[in-house]
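Here's the structure, in structure tokens; my notes come after.
The values are calculated or read from the model by the stated rules, or taken from the named source; none is laboratory data. Quick caveat, the model's predicted, so the values are computed rather than measured. Every residue, glycine as well, gets a Cβ built from its backbone with ideal geometry; the counts of neighbours run over all protein chains shown.
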Amino acid sequence: MKTNKINIKIFDTTLRDGEQSPGASMNIDEKLMFAKQLAKLKVDAIEAGFPISSQGDFEAVKLIAQTIKGPEIVGLARAVELDIKRCYEAVKYSAKPRIHTFIATSDIHIKYKLKSTKEKVLETAVNAVKLAKKLCDNVEFSAEDAARSDINFLVAIVEKVIEAGATTINIPDTVGYSIPFEFGKLIKTLIERVKNSDKVIFSVHCHNDLGLATANSLTAVANGARQVECTINGIGERAGNAALEEVVMALNTRKDLFPNFYTNIITKEIYKTSKLLQNITGINVQPNKAIVGKNAFAHEAGIHQDGVIKERLTYEIMSPKDIGIEKSELVLGKHSGRHAFKLKLKELGYEIDGEKFEKAFVEFKNLCDKKKQVFDDDIIAIVESDVLKLKEIFIIDKFQVSSGNNILPTASVQLIKDNEKYQAAATGDGPVDALFNAIDKITKFKVNIIDYNLKAKTKGRDAIGEVIIIAEVDNTKFVARGASTDIIEASAKAYLNIINRYLHSLITKKNKGKK
């Protein structure tokens, strides 16, 4: 028997409701850039803005309507003639324009915000939809604060706006008040009681004030809603909206509960879209954010790591590749076990077993007691210094640098070799160059730096800086790293590591010659 597939339309309102999140405003170029990414994501509709709100918003909606192909381009308008006409002037350039008009329907909004009556609200809603319909075939009507509205009035107003020409009926939980079973019942009741409900698509727009936006949206889908209004990363007013990535991946992952439902979303574009929004707005998601958070596919507990290594499905209900992340991350820390540590060693190019492995693992665990997270550099240092016996020949004991915009950069350094201390001072083009020159005076080697790279390993003003140096000594190329919260110290560590690696290579050659 052939099963009918049910398409759930994804209506993205990141550029409208999402932009209302404090600090999330975008300029016109950023809006267009993000709209292009939403088109790649294959959302069904992009609510590009609120044209009447400002000239800038009007121009942004207009530009998106002129430029973006594929999704419907939607503009928001109050149930006011000027709003609706202004909205149409912006969206009319799209091949698929939609006017989205709204008015509040709950008793509390009608009394205190609108200072009106139900009869007047119904009349206003019908007139607004009729006007929008004259301008545009595709008209959406939203009953603001529907979740707290009187059900009988809600049925009446929905019937009337459908008669007036609405093609989509949106039922918002505007203040995030509803509970899933309650919201699902509301959608089901409306579809059953509204006489002409078969003529429209029912949509939902859920806010996250109680942390239930995604749950409410999914329950609505199970009860007949066929469009979900959501935002990337769940941004929006107050606690935000239903997160697009959560709704889509829940439908994808729980096919046992939603067997015939599908969306048009290209899920491999989800992570890229999330990161773009974070970069544009500067609003980062929390590490444990579902689907797109830094820790969403990260495992530290040894039992979890062992399980994921053996079979991903033990602790991952979806593949990171499904949303555009290359692979899961095994975070090394005090909860990590031998399997994860061995896998990390292999990723870093080290194949060690037996006593050497056990020694390295003990050193790793000791370091974990001192640090929250162990980085690749830490493991490399453990393996090379403690396991592979790459003992430091020259060791930095102390150094001092002096630099400024009106003084010659100067550095002094004290190194230890074979329990003896050696001192030198030098100048240079900068504090790092001066320190390198001082080290050269002691070691007597000519180091030719091919590449010097500095990057932050962690965030914040006290971030750990990692320096990677590629250099040649006697026509032999070496790569070395150094890390510290002091970038000059990190540079000195990396530079001295080059020299120590060179000295070890000489020892190795000498030993081979004896054989």
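From GLU81, GLU72, GLU119, which residue is closer than 18 Å to GLY18 by Cα and either assigned by TED's automatic domain parsing to the domain that holds PHE34 or not aliphatic (A, V, I, L, M) (or both)? Step through it out loud before you land on a result.
Details: GLU81 fails: closer than 18 Å to GLY18 by Cα; GLU119 fails: closer than 18 Å to GLY18 by Cα.
So the residue among GLU81, GLU72, GLU119 that is closer than 18 Å to GLY18 by Cα and either assigned by TED's automatic domain parsing to the domain that holds PHE34 or not aliphatic (A, V, I, L, M) (or both) is GLU72.
Go through (1) over 17 Å from PHE394 (Cα atoms); (2) surrounded by 13 or more Cβ atoms within 10 Å (Cβ to Cβ); (3) modelled with pLDDT under 80 for SER505 and report which single condition fails.
(1)
When you go through (1) more than 21 Å from SER25 (Cα to Cα); (2) out of contact with any strand residue (DSSP E or B) (no Cβ under 8 Å at 6 or more places or on another chain) one by one for THR101, which number turns out not to apply?
For THR101, the failing item is (2).
Take the conditions of a type in the set (Gly, Ala, Ser), in the same structural domain as GLU269 (by TED's automatic domain parsing), outside any helix (DSSP H, G or I) and modelled with pLDDT of 95 or more and apply them to GLY23. Does it pass?
Details: of a type in the set (Gly, Ala, Ser): yes; in the same structural domain as GLU269 (by TED's automatic domain parsing): yes; outside any helix (DSSP H, G or I): yes; modelled with pLDDT of 95 or more: no.
So GLY23 fails the test.
Output the number of residues of the range 477-499 satisfying the condition of being hydroxyl-bearing (Ser, Thr, Tyr) and modelled with pLDDT under 80. It would help to see each step written out before you state the result.
First, the residues of the range 477-499 that are hydroxyl-bearing (Ser, Thr, Tyr): 484-485, 491, 495.
Now drop any that are not modelled with pLDDT under 80, which leaves 484-485.
The total comes to 2.
Out of LYS118, LYS96, report the one residue that is surrounded by 16 or more Cβ atoms within 10 Å (Cβ to Cβ), over 16 Å from ILE157 (Cα atoms), basic (Lys, Arg) and touching a residue at least 24 places away in the same chain (Cβ under 8 Å). Let's see the steps before the verdict.
Working: LYS118 fails: over 16 Å from ILE157 (Cα atoms).
Checking each option against the conditions leaves just LYS96.
On the given criteria, is ILE68 among the β-branched types (Val, Ile, Thr) and in contact (Cβ under 8 Å) with a residue 40 or more places away in the chain? It would help to see each step written out before you state the result.
Details: among the β-branched types (Val, Ile, Thr): yes; in contact (Cβ under 8 Å) with a residue 40 or more places away in the chain: no.
So ILE68 does not fit the description; no.
Where residues in the range 259-289 are among the hydroxyl-bearing types (Ser, Thr, Tyr) and within 11 Å of the chain's Cα centre (by Cα), which of them is nearest to ASN233 (Cα to Cα)? Break it down into steps so the answer makes sense when it comes.
Our first condition is that a residue be among the hydroxyl-bearing types (Ser, Thr, Tyr); within the range 259-289, this holds for 262-263, 267, 271, 273-274, 281.
From what is left, the residues that are within 11 Å of the chain's Cα centre (by Cα) are 271, 273-274.
Numbers: TYR271: 10, THR273: 9, SER274: 6 Å.
By that ranking, first place goes to SER274.
LEU218: modelled with pLDDT of 95 or more, crowded, with 22+ Cβ neighbours inside 10 Å and either under 30 Å from THR124 (Cα atoms) or outside the structural domain of LEU131 (by TED's automatic domain parsing) (or both), yes or no? First the steps, then the outcome.
On the way: modelled with pLDDT of 95 or more: yes; crowded, with 22+ Cβ neighbours inside 10 Å: yes; either under 30 Å from THR124 (Cα atoms) or outside the structural domain of LEU131 (by TED's automatic domain parsing) (or both): no.
Judged against the criteria, LEU218 is not a match.
Name the residues in the range 259-282 that are touching a helix residue (DSSP H, G or I) at 6+ places or on another chain (Cβ under 9 Å) and either part of a strand (DSSP E or B) or without any contact (Cβ under 8 Å) to a residue 40 or more places away in the chain (or both), would you?
Across the range 259-282, the qualifying residues are PHE261, TYR262.
Within the range 79-93, restricting attention to residues that are buried (at least 21 other Cβ atoms within 10 Å of the Cβ) and under 33 Å from the mean Cα position of the chain (by Cα), which residue is nearest to ALA39 (Cα to Cα)?
Filtering first and then ranking leaves VAL91.
What are the residues in the range 24-58 that are under 22 Å from GLU246 (Cβ atoms) and within 17 Å of the chain's Cα centre (by Cα), if any?
ALA24, PHE34, ALA35, GLN37, LEU38, LYS40, LEU41
May I ask you to verify whether LYS441 is modelled with pLDDT of 80 or more and in a loop (DSSP other than H, G, I, E, B)?
Numbers: modelled with pLDDT of 80 or more: yes; in a loop (DSSP other than H, G, I, E, B): no.
Taking the combined requirement at face value, the residue does not satisfy it.
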